[in-house]
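The values are calculated or read from the model by the stated rules, or taken from the named source; none is laboratory data. Predicted model, so just to flag it, every value in this text is computed and none were measured. Every residue, glycine as well, gets a Cβ built from its backbone with ideal geometry; the counts of neighbours run over all protein chains shown.
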C-alpha cells in the first residue's frame, strides 16, 4: 500500500498575509472567468495566480500562464510571502457547513501520499478522465515543481483510529488557521508535527486502500510527471492529498443532475413510449418533493430518476429489469451496472436518444448541475429534457473501484469542495 507521510508544507506567512480568506480559492475546475477575475482583484498574492492564472492572446512559449505562475511562486518564496514549515507535519483540516438546514463537520488531513500505478490496487480511481485537463495540469507542474491543490481521497476505518487522535488535537490546541469563506462555510487548520503521529498513520494505512474522490486528472498527471521527472525532483514520487475517513459523518455526496439539449428531430411523445421498454413511467405532481420521491425508490433498492420535460411535466422513471442493463453493458461489472448514472447513460442517452459515448464525454448534448431548481429552470430555456438523480453512495464508489471499472462522468459531487491555498507541496523538498 502507498505510504502516507508528513512533509514540510509551504504556507502563507501570517506576518505578510493578515487576511487568509483573501488569498485562498475553490478548486480551479469550478472557477469561471468571472470568479477568476474576482480572485485576482482580492489580493496580489491570491493563489489563483499560481493555480489558474490568466491567459492572454499574446502568450507564447516564454511567457504564458505557467511561466507567470512559476515566476510568482519563486518570488513569493524569496520575499517570504510563502514560507516553509520548520519541520515535517500533517495538516488537520476541518470544514463546517450547512446543507438543507442540517449542520455538518467534515474532518480530514493533508499529507504526502506515495504515487503508485492504479494496477497495484492501493490507490483506486472511480471516474474516467479527459486529455485536455491533464495537459494543462502537467504544464503547471512542469513549470512550478509543486502541487498547489490537493487530491481528495477517502479510506475506510470503522474503528476511527485517527479520528480519535484528531479529536485530541482539536481539544488541546487552537487552530493555526480559522476563517469563514465567501459562502459562509468555516475552515480550520491545525499543524500536527508530533513525530509519533507518523507511526500511528503508518499503522492505519499499511493495509488500507485509498479511493480517489476528486482529482483524477491531477493524480494521473502526477504519475506521468513522476515517470518523466523522478531524477529531477526529490519528492516527485509523492503528491499532496487530503484524506478523510469514509465513516466521517460529514462526508457528503450530492447528486449531479443531467440537462439534455440540442437534440435534432426530438419527438417527446414517441420518446415517452420508447422509455416504457426499460422503465415504469409514472407522471407525478409538480408539487411533489422530488428528492423524497427519489430517496424512497433508492431505499427500496430500485434505480429511478425524475424526468422533466419542456411541457413542464414531471415523470418518475423506475427501472423494470436490471438484467437488461447488464445485457446491454457487456464487459462491465455488476457494480457499474447498478449505478444510476450508468443506467441513465446506457439505456436512455445511448439506446433511446442515440448519443455516442464520445459525444457524451464531450458534453455535446448534455450539461450538468447539482442544483435541482437550476435544472428544472433550464426547461424554460434551451433544455429539452432534465433528469434528476439520487446521490451515489460511498459503497457504490468502492464497489466500482474495486471491480476495476470507472463511473460515467459527473457521477459524484463531494460537498463541500476543498479550498486551495492552505498548504502547498513543493516537489523540490
With respect to residue 298, is the statement that it is assigned to a helix (DSSP H, G or I) and within 24 Å of residue 267 (Cα to Cα) true?
no
Within the stretch 181-196, can one find any residue that is in a helix (DSSP H, G or I), out of contact with any strand residue (DSSP E or B) (no Cβ under 8 Å at 6 or more places or on another chain) and surrounded by fewer than 21 Cβ atoms within 10 Å (Cβ to Cβ)?
yes
Looking for something in the same structural domain as residue 157 (by TED's automatic domain parsing), out of contact with any strand residue (DSSP E or B) (no Cβ under 8 Å at 6 or more places or on another chain), under 30 Å from residue 163 (Cα atoms) and modelled with pLDDT of 95 or more - is there at least one such residue anywhere in the stretch 45-68?
no
Any residue that is touching a residue at least 60 places away in the same chain (Cβ under 8 Å), outside any helix (DSSP H, G or I) and over 25 Å from residue 125 (Cα atoms) - is there at least one of those in the stretch 157-165?
no
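If you check residue 104 against the conditions, is it in the same structural domain as residue 152 (by TED's automatic domain parsing), buried (at least 19 other Cβ atoms within 10 Å of the Cβ) and touching a strand residue (DSSP E or B) at 6+ places or on another chain (Cβ under 7 Å)?
No: the conditions fail for residue 104.
Identify, from the list 41, 15, the residue that is in the same structural domain as residue 87 (by TED's automatic domain parsing), more than 16 Å from residue 424 (Cβ to Cβ) and not in a helix (DSSP H, G or I).
15
To keep it simple, each residue is scored yes or no on (1) surrounded by fewer than 18 Cβ atoms within 10 Å (Cβ to Cβ); (2) outside the structural domain of residue 350 (by TED's automatic domain parsing); (3) within 22 Å of residue 368 (Cα to Cα); (4) more than 32 Å from the chain's Cα centre (by Cα).
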{"residue": "263", "(1), (2), (3), (4)": "yes, no, yes, no"}
{"residue": "274", "(1), (2), (3), (4)": "yes, no, no, yes"}
{"residue": "283", "(1), (2), (3), (4)": "yes, no, no, yes"}
{"residue": "294", "(1), (2), (3), (4)": "no, no, yes, no"}
{"residue": "298", "(1), (2), (3), (4)": "yes, no, yes, no"}
{"residue": "308", "(1), (2), (3), (4)": "no, no, yes, no"}
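Examine the stretch 122-145 for a residue that is closer than 19 Å to residue 197 by Cα, part of a strand (DSSP E or B) and at pLDDT 95 or above, and state whether such a residue exists. Can you show your working first?
Our first condition is that a residue be closer than 19 Å to residue 197 by Cα; within the stretch 122-145, this holds for none.
No.
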Working only within the stretch 119-134, note down all residues that are more than 25 Å from residue 162 (Cα to Cα) and in contact with a strand residue (DSSP E or B) (Cβ under 7 Å, 6 or more places away or on another chain).
127
Counting only residues in the stretch 74-119 that are modelled with pLDDT under 95 and assigned to a helix (DSSP H, G or I), the one nearest to residue 211 (Cα to Cα) is identified as 118
Tell me the strands (runs of 3 or more DSSP E) entirely within the stretch 319-420 that contain at least 1 residues that are in contact with a strand residue (DSSP E or B) (Cβ under 9 Å, 6 or more places away or on another chain) and modelled with pLDDT under 95.
366-369, 413-415
Picked from the stretch 204-231 (must be without any contact (Cβ under 8 Å) to a residue 40 or more places away in the chain and assigned to a loop (DSSP other than H, G, I, E, B)), the residue surrounded by the most Cβ atoms within 10 Å (Cβ to Cβ) is 230
Name the single residue that is nearest to residue 222 (Cα to Cα) among those in the stretch 166-180 being part of a helix (DSSP H, G or I) and touching a residue at least 40 places away in the same chain (Cβ under 8 Å).
166
Scanning the stretch 301-318 for residues that are free of Cβ contacts under 8 Å to residues at least 40 places away in the same chain and in a strand (DSSP E or B) gives 314, 316, 318
Name every residue in the stretch 146-156 that is touching a helix residue (DSSP H, G or I) at 6+ places or on another chain (Cβ under 8 Å) and either over 22 Å from residue 401 (Cα atoms) or assigned to a strand (DSSP E or B) (or both), in order of residue number.
146, 147, 148, 149, 151, 154, 155
So if I check each of 326, 332, which one is free of Cβ contacts under 8 Å to residues at least 24 places away in the same chain and either on the phi < 0 side of the Ramachandran plot or surrounded by 17 or more Cβ atoms within 10 Å (Cβ to Cβ) (or both)?
326
Is there any pair with a first residue in the stretch 56-73 that is in a loop (DSSP other than H, G, I, E, B) and a second that is modelled with pLDDT of 95 or more whose Cβ atoms are under 8 Å apart and which are 6 or more apart or on different chains, and what are they?
59/65; 64/55
